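Scroll down for the structure; my scribbles are underneath it.
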Amino acid sequence: MRRAALFFALALAAPAAAYARAGGGGSYSSGSSHSSNSSGSSYSSGSSYSSGGGYRSSSSGSYGRSTPMSPLEAQLFTGLLVLLVVVLLLVRWLENGPSFGASRTPAAAAGFAALKTADPSFDEDAFLARAEAAFRRVQEAWSTGDMTPAAALLSDGVYERFQLLLELQRREGRLNKLEDLRVNRSVAADAAPGRRFDAVDVRFAASCKDRYVSVRDGSLLSEEDSAFVEYWSFVRSASARGRVSPGAVEGFCPGCGAALAVNASAVCPQCRCWVNSGEFDWVLAEITQESEWHGTPADSAQELEDRASMLFWRWQRCLADKDVAALEGWCSEEGIAALRTSGVGRAAFFDCGVGAVEAQVRRSADGFEYAPVLVRWAGREGGPDAPSRKRRTTLTLARRTGVVSQQNTLLRSAHCAGCGAAIPPAAPVCAHCSLGFKDPAAGWVLVGLETFDS
Ligand SMILES: [Zn+2]
Ligand SMILES: [Zn+2]
């Protein structure tokens, strides 16, 4: 019974605790925890487990054996099942000490087998160790308030997300620091080789002390114990198959092997290769909250989802700045009109977190290809104390039919496709080579943006 009481106390504590952190769950994770108890919710928290069925059944199986419970208790706990899985990992860790053993779901095991057929040099244990090292590197960079040291590990969509969240925190005078970070369990959840990209999703169950400190003098503003679960999607180009040399995780350029100097452009100073393009090594291309994860995205969706993610965060920057400048350079005329009616100047959001980014069905009309991408997110409108609400924003991208993007630019949507320079917010054209980004004959352009309450 004491164990059951502990479970219950931890389960109740969990939604409040998971309120910040680098993964950018922000207010999203707590929102989704609540919605899992609400019958009217359009989200099914249980669905995220369907893809990882093997994992779930093994967890609940051992739970049943170790803690016999009355039917009433069992009924109470059913509604908190998702949280309990998190708590179970935490309790196991408390009892057994940290477990860094790598494991995989049946879906991931099948995906790994296919990956090994495509690339006999692929080593899943080495991959998982590197994924966990990347997880730590990214969290460390987040805690310093600057993602530059991790830029080479991140797609542009993920990099933009981190940099904007950090900047918004700074504007509020605070910095989020994750101390005593522990990866309680990492599990390969899904894996798939693709025509253009190989992808592996890793489920991280982790805990930390989640602190906010003052930017001004470093004094402690708040502290909570936080336990969280996130799916990190690692992606590489098919061209990276067969490469076994160390990469950015180990501090080396995956293209030429030189020690990698830190830079925000993620361009190797030695060989000038684009380190985070996925051409040479795995990069982190998306972070999905547990309640929204449905498996590895389709090969064809990777580019769009990353670009839409980058554009979504630049839109949040527009809202925070009360100015459309941060996105103007990426929009058609209709896109700019949509931006102006999207709340810029009227609304701004605090504790913004993205649950998932999902490419929708494309359509063609009048010589253009249209690609809507749905972003599920949550934020507090108007102030940090406002209630967090879930929203869905659809960003519609368009390009001339027949345009094909260069493979090495697909995960570098915030870099110039011509010369590789980083494109700062509000730049209408590349400062280095004058290439513009709003030509649908050259690539995807934002033509629409619409937000709905969830
Ligand atoms: Zn290099
Ligand atoms: Zn350029």
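Nothing in this text is a laboratory measurement; each read-out follows from the coordinates by a stated rule. Predicted model only: the values in this text are computed from it and were never measured. Neighbour counts are summed over all protein chains in view; Cβ atoms, including those assigned to glycine, are modelled from backbone coordinates with ideal geometry.
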Legend entry - Efficiency of FRET from Cβ geometry, ARG400 and VAL429, R₀ 22 Å, rounded to 0.05: 0.70
Legend entry - Within-14-Å neighbourhood charge of LYS390 [Cβ basis; K, R +1; D, E -1]: +1
Legend entry - Extreme residue, positive dipole direction of the stretch 171-260, given options GLY194, ALA259, ASN176 (C-beta unit charges): GLY194
Inset, instruction - Return the lysines within reach of LYS390: Cα separation strictly under 24 angstrom, same-chain partners fewer than 8 residues apart disregarded; answer none if there are no such residues. - result: LYS322
Inset, instruction - Please list, or write none, the aspartates and glutamates whose alpha carbon is within less than 13 Å of the alpha carbon of LYS116, excluding same-chain residues fewer than 8 places away. - result: GLU124, ASP125, ASP198
Legend entry - Lys/Arg +1, Asp/Glu -1 at C-beta; the stretch 298-454 dipole; positive extreme among LEU397, MET310, ALA347: ALA347
Inset, instruction - May I ask which residue of TYR231, VAL275, VAL249 lies farthest towards the positive end of the charge dipole of the stretch 224-294, with charges of +1 (Lys, Arg) and -1 (Asp, Glu) on Cβ and the Cα centre as origin? - result: VAL275
Inset, instruction - Pull out the extension gain between ALA259 and ALA298, defined as 0.36 nm times the separation in residues minus the alpha carbon to alpha carbon distance; nm, one decimal. - result: 10.7 nm
Legend entry - Cα centroid of the stretch 110-185 to Cα centroid of the stretch 208-273, whole Å: 5
Inset, instruction - Under a cut-off of 13 Å between alpha-carbon atoms, report the aspartates and glutamates in cross-link reach of LYS177, not counting same-chain residues fewer than 8 places apart. - result: GLU140, ASP146, ASP210, GLU223, GLU224, ASP225
Inset, instruction - Please give, to one decimal in nm, the separation of the simple spin-label points placed at ARG346 and VAL244, each 7 Å out from Cα toward the Cβ. - result: 5.9
